[in-house]
Amino acid sequence: MSEDLLNIEINGQPLQARRGAMIIEAADAAGIQIPRFCYHKKLSVAANCRMCLVEVEKAPKPLPACATPVADGMKVRTRSALARDGQRSVMEFLLINHPLDCPICDQGGECELQDVAMGFGGDISRFQERKRVVKDKDIGPLIATDMTRCIHCTRCVRFGEEIAGVRELGATGRGEDMEIGTFVEKSVDSELSGNVIDLCPVGALTSKPFRYSARSWEMVQRSTIAAHDAVGSNLHVHVRRNRVMRVVPRENEDVNETWISDRDRFSYEGLYSEDRLSAPAIKRGGSWADVDWDVALDFAANGIRRVVAERGAQQLGALASPNSTLEELCLLQKLLRGMGSSNVDHRLRQADFSDQDVAPLFPWLGQSIADLELLDAVLLVGADVRKEQPLINNRLRKAALRGAGIMVVNALEPNFNYPTEAAMIVPPGDMPGVLAGIAKALGVRGGKRDKLLESAQVEPAHEAIAERLKNAGRASVLVGAFATSHPQAADLRALAGLICEAADAALGYLPAGANGAGAWLAGALPHRGPAGQMLADAGADAQAMMHDGLAGYVLLGVEPELDCWDSAAASNSLREADFVVALTAYRTSEMDEYADVLLPVSLFAETSGTFVNAEGRWQSFEAVAAPVGDARPGWRVLRVLGNLLDLEGFVYTDSQQIRDELKDKVGEARADNNAAWREPSRLDGKRSGLTRIGDVPVYAVDPVVRRGKALQGTRDACDARLGLNATVAAKLGLQQGDRARVTQEGGEVVLEVELDTRVPDDCVHVRAGVPGSVGLGPCIGEIKISKA
Amino acid sequence: MSEATGRKSDSLSAHAREEIDRWLERYPSDQRQSAVLAALQEVQHENGGFLTRELMDGVADYIGMPEIAVYEVASFYSMFELKPVGRHSISVCTNISCMLCGSDDILEYIEKKLGIKLGESTADGKFFLKKEEECLAACRSAPMMQVDHVYYEDLTPAKVDEILDKLE
């Protein structure tokens, strides 16, 4: 590559730069500051602000460093009289229409314009005329606008087009009348929209929830890891007096680049929700009382002991959120196993566990996040990556724009922000059949497979997908949340495995929550201990625990009626249990009903811990803010419980010891998805009547997000409705806007009918994880509809 | 989200589609947005001289470009009107050559005659006096104006009367 390096000189400093690089890139790499507004390393070059003017030897006038490629022997001066004069003049022009009222601007103190004006501008303005005024726009609950401050750098416009993949903002009008906005009354709805707040070099686009609540110099910047998806975006948290004021990205090229999703950015509001549990509480004789930690912990320990003594250890179970830390999960399973029970699980939205014994060490992406960009063909099975893992979708989008074929098998067509080559949208019960068709087209055979695949129909579309996967240089099949919660998830995984084997593709899983991978490693599973240690006697899985009902439960960060596969079963089992300990950050009326003791635990940013992301990256973090009220980190609560129950191995002074102990056990072991699946057993799901498609909307995935006020005001935040296509609606005699009675396994709710062409025949769309569908049964399963 | 009935491009007439198709043929298939100017002109012409949001959204859908990108084009070029205007569009050139030859007087005469100011339409919806048109490249016979799509040159008040009075 050395022939591609050119020798240049900036400010007398000899440098090497890649051929084709712009002067500003070479200067940035060498730490030489050049002022800029419109240039951003992740966006295309616009060269419209002209702030980065520099002197280039032999050029008659200053040149924009962001749009001037380096040439061999080029001599650049960034602080010469010519360069400085150019920069000062541009600054004067930019300030003509910019208000000089920094004290009342939310960006004041952290404003690129302010900084650059201080460093490179003049000290007076010669402009005496009237400044222009631009009306503010309402572009939704996340981003506040102050459009008079806009300097038209168009970073936000380019971000929409190039990264978010939806052009929502634009520059309309011209000359003095040019404005950045949506032109029509419209909200900006991209799941990555908040990044324009960071990109905006002035105070035109700022964070609406954060607005006017703190100044940058009052806050301390601390680091943590995002707690909502398997990307594990690196975050900076801005904290004032131990309270999280806002969240911004921390650059990590391998994980989140310079971006974060809106969910990771705005969910912090959920930390300070009104229903936050601030003190331990116990239920005695049917009424609740706030008590000291000692009393509550004793009460909890005694209750657990009583369940084990009176009903047997097999009647005790634990359910944990996949957003819990590695350390919490590790101690939780230790506690349960110490009490003699292996009923512990984090796979709350899963129903088919039949292949768990052959599963890999932990289900992972099968490749690094960054490598997703290099794929040439991708088959997404039951995965709405754009909403589930927005930054994994961003990598796939880059691959797609490079020409990769993105193909989809799902029950509901996700809304992509890049072109897809094939989409097989079928009722959930037909998804295995589609994968079998693709496998058969790839020539999969041998042993039991022949018999199974004999019945598989190969359609031309299956052949096309098979062809594309096989002929791609790098291919991958990614199995997402919907496939994982499918009643035949094991068959889907198995068929995906066969396809990967035949097409020489990488099999990847998109783990649930922020720490689905970590939960496997920690042993928060009924059939495996920490580090994948095989157990002779498997306990009950999440589904069995909810369906069969146990006498005692320990809940960690879970709201079972919203977070479990079968909402009705979860609510019923908990209500009928003798004793329920909830380690929770919130107090809900449901908990008051089913729980016996509520232990307030810290949320993300308030606790130290570790998340393992989809690519198996262990990312540890410290607590960056004080827990609300009397809440304590979950690992500490579990440690004390372990001690109170006289269990061994609960002597830890900090969470790192727990992590290090586990890390030693895991050692160099790597997860291998490709060989880890059993043979598929059947292709056709049993089908009678209508099937519910119950996906979880992006802002309903966990208790914290559900309480993010601003996020809940966006268009992506949606409650349950009865979505069906016109054919199904006609059969049921329903029309748009009708009220319909929706029944599933004893649970019943009334929902509004919404015609939706995306829903396949024989199916209805009733979202899970939202208040409107609480009390219904399986999120994918039989459902009955009648007119209300 | 559920789709209401039909597509946004339904707002375009069959004739407009034909015209747009004709323009689309001239550009490579991966650069359909090149036809946006011609498409907007056609649609505006059919709509009595101005564009509506529905029509712009229709063009965006038909050509396959983001709606905001169509708004950008429509709001940038002065030949597109985004609000209802009079049937006959009058553009008096006030650029240097015309100004030196008395375009200001011509403009004042028209304003008085029609009882409207620049940028306004007459109450009967007959005339629209367009704001600040740039040089229309007829300097050799200044002052000039463009009425609808026709150039009128070497203007005098009498000539203006004759031109405007003839219009229906």
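The values are calculated or read from the model by the stated rules, or taken from the named source; none is laboratory data. In this text, all values refer to a predicted model and were calculated from it rather than measured experimentally. As a convention, Cβ positions derive from the backbone with ideal geometry for all residues, glycine included, and neighbour counts pool all protein chains shown. In case anyone asks, the SASA skips ligands and DNA or RNA and just uses the protein heavy atoms, side chains included. Shrake-Rupley method; radii C 1.70, N 1.55, O 1.52, S 1.80 Å.
Given their separation in residues at 0.36 nm each and the Cα-Cα distance between them, residue A:314 and residue A:741 gain 149.9 nm when the chain is fully extended. For the range A:334-347, putting each phi into the Karplus relation 6.51 cos²θ - 1.76 cosθ + 1.60 with θ = phi - 60° gives couplings of 5, 4, 4, 5, x, 7, x, 10, 10, 7, 9, 7, 10, 8 Hz, in residue order, rounded to whole numbers and with x for Gly and Pro.
Take peptides A:387-399, A:159-171, A:245-257 and line them up by average Cβ neighbours within 10 Å, highest first, as a rough protection proxy.
Numbers: A:387-399: 24.4, A:159-171: 21.8, A:245-257: 19.0.
Answer by packing, highest mean first, reads A:387-399, A:159-171, A:245-257.
Here the range A:252-269 is scanned for amide nitrogen atoms under 19 Å from the site 7 Å beyond the Cα of residue A:213 along Cα-to-Cβ, giving A:260-269. Given R0 = 35 Å, the distance between the Cβ atoms of residue A:80 and residue B:118 translates into a calculated FRET efficiency of 0.15. All other residues whose Cβ lies under 11 angstrom from that of residue B:47 are scored, Lys and Arg at +1 and Asp and Glu at -1, for a net of -4. Given a 1.4 Å probe, how much area per residue of the protein assembly as shown is accessible, in Å²? Each residue of the protein assembly as shown exposes 41 Å² on average to a 1.4 Å probe. Annotation for residue A:178 and residue B:153: the two label points, set 7 Å from Cα along the Cα-Cβ direction, are 3.4 nm apart.
Label point of residue A:454 set 7 angstrom out along Cα-Cβ; within the range A:415-440, no amide nitrogen lies under 12 Å from it. Prolate is the label for chain A, because the ratio a/c of its alpha-carbon gyration tensor axes (a ≥ b ≥ c) is 1.5 or higher and a/b is greater than b/c. Pairs of C-alpha atoms in the range A:44-118 farther apart than 13 Å represent 69 percent of all such pairs. The Cα-based radius of gyration and maximum Cα-Cα distance (Dmax) for the range A:410-514 are 13.3, 41 Å. With the contact rule set at Cα under 8 Å and sequence spacing of 6 or more, what percent relative contact order holds for chain A? Rounded, it is 13 percent for chain A. Need the per-residue list for the range A:141-174: every residue with at least 20 Å² less accessible surface in the complex of protein chains than in the chain by itself, probe 1.4 Å, sorted by number. Checking the loss per residue gives A:167, A:171, A:172, A:173, A:174. Summarising the overall dimensions of the range B:8-76 from its C-alpha atoms, the Rg and Dmax are 10.6, 31 angstrom.
If you take all C-alpha pairs in the range B:88-165, what percent of them are over 17 Å apart? Mind dumping the intermediate values first?
Values: 1068 of 3003 pairs.
Percentage above 17 Å: 36.
When we measure straight from the Cα of residue A:787, which lysines land under 29 angstrom away, once same-chain ones fewer than 8 places off are left out? Cα-Cα hits under 29 Å: A:686, A:731. The alpha-carbon of residue A:665 sits under 23 angstrom from the alpha-carbons of these lysines, leaving out residues fewer than 8 places away in its chain: A:334. Rounded to the nearest whole Hz, the Karplus-based 3J(HN,Hα) values (6.51 cos²θ - 1.76 cosθ + 1.60, θ = phi - 60°) of the range A:377-393 follow the sequence 8, 9, 10, 9, 9, x, 10, 9, 4, 4, 9, 7, 9, x, 8, 6, 4, with x at glycine and proline. In terms of overall dimensions, the C-alpha atoms belonging to the range A:280-361 reach 45, 29, 22 Å along their principal axes, ordered largest to smallest. For the range A:210-225, the Karplus equation 6.51 cos²θ - 1.76 cosθ + 1.60, evaluated at θ = phi - 60°, returns couplings of 8, 3, 6, 9, 6, 9, 4, 7, 8, 10, 10, 9, 10, 10, 7, 10 Hz by residue, with Gly and Pro reported as x. For residue A:547, the solvent-accessible surface with a 1.4 Å probe is about 110 Å², rounded to the nearest 10.
Taking each residue of B:68-75 in turn, how many C-beta atoms of other protein chains fall within 10 Å of its C-beta, and what is the average?
Working: counts 15, 4, 2, 8, 9, 2, 2, 9.
Shielding by partners across B:68-75 averages 6.
If you take each beta carbon of peptide B:13-24 and count the beta carbons of other chains within 10 angstrom, what is the mean?
Working: counts 0, 0, 0, 0, 0, 0, 0, 0, 0, 0, 0, 0.
Mean inter-chain Cβ contacts per residue within 10 Å come to 0.
Model label points for residue A:788 and residue A:275, set 7 angstrom from Cα along the Cα-to-Cβ axis, are 2.0 nm apart. Model label points for residue A:138 and residue A:630, set 7 angstrom from Cα along the Cα-to-Cβ axis, are 4.3 nm apart.
For the protein assembly as shown, a simple Cβ point-charge model (Lys and Arg +1, Asp and Glu -1, everything else neutral) yields a dipole of about 1000 debye relative to the Cα centre.
Mind ranking A:282-288, A:102-108, A:238-244, A:61-67 by how tightly packed they are, going by the mean number of other C-beta atoms within 10 angstrom, highest first?
Values: A:282-288: 12.0, A:102-108: 15.7, A:238-244: 17.3, A:61-67: 21.1.
Highest mean packing first, the order is A:61-67, A:238-244, A:102-108, A:282-288.
When a/c reaches 1.5 or more, the comparison of a/b and b/c decides; with that in mind, is the range A:601-710 rounded, prolate or oblate per its Cα gyration tensor?
Working: a/c = 2.11, a/b = 1.40, b/c = 1.51.
Cα axes put the range A:601-710 in the oblate bin.
Could you state how much accessible area is buried at the B-A interface, both sides summed, with a 1.4 Å probe, in Å² to the nearest 100?
For chain B against chain A, roughly 1400 Å² becomes buried.
Amide H contacts under 5 Å for residue A:277: A:586, A:587, restricted to partners 5 or more places along the chain or on a different chain, H placed in the peptide plane at 1.01 Å from N.
In this structure, the residue pairs whose Cα-Cα separation is over 30 Å, taken from A:135/B:131; B:131/B:166; A:186/B:83; B:8/B:83; A:387/B:83, are A:387/B:83. Protection proxy ranking, highest mean first, for peptides A:313-322, A:186-195, A:727-736: A:313-322, A:186-195, A:727-736, where packing is the per-residue count of other beta-carbon atoms within 10 Å, averaged. The mean number of partner chain beta-carbon atoms within 10 angstrom of a residue's beta-carbon across peptide A:4-15 is 0. Helix B:157-166 axis versus longest C-alpha principal axis of chain B: approximately 40°, rounded to the nearest ten.
What part of the accessible area of chain A, given as a whole %, is carbon or sulfur when the probe is 1.4 angstrom? Before the final figure, lay out the partial values.
Working: 14410 of 29880 Å².
Percent of accessible area from carbon and sulfur atoms in chain A: 48.
If the chain linking residue A:678 and residue A:589 were pulled fully straight, counting 0.36 nm for each residue of separation and taking away their Cα-Cα distance, it would gain 27.8 nm. State the percentage of accessible surface on the range B:1-138 attributable to carbon and sulfur atoms; use a 1.4 Å probe and exclude ligands, DNA and RNA. Its accessible area is 52 percent carbon and sulfur atoms.
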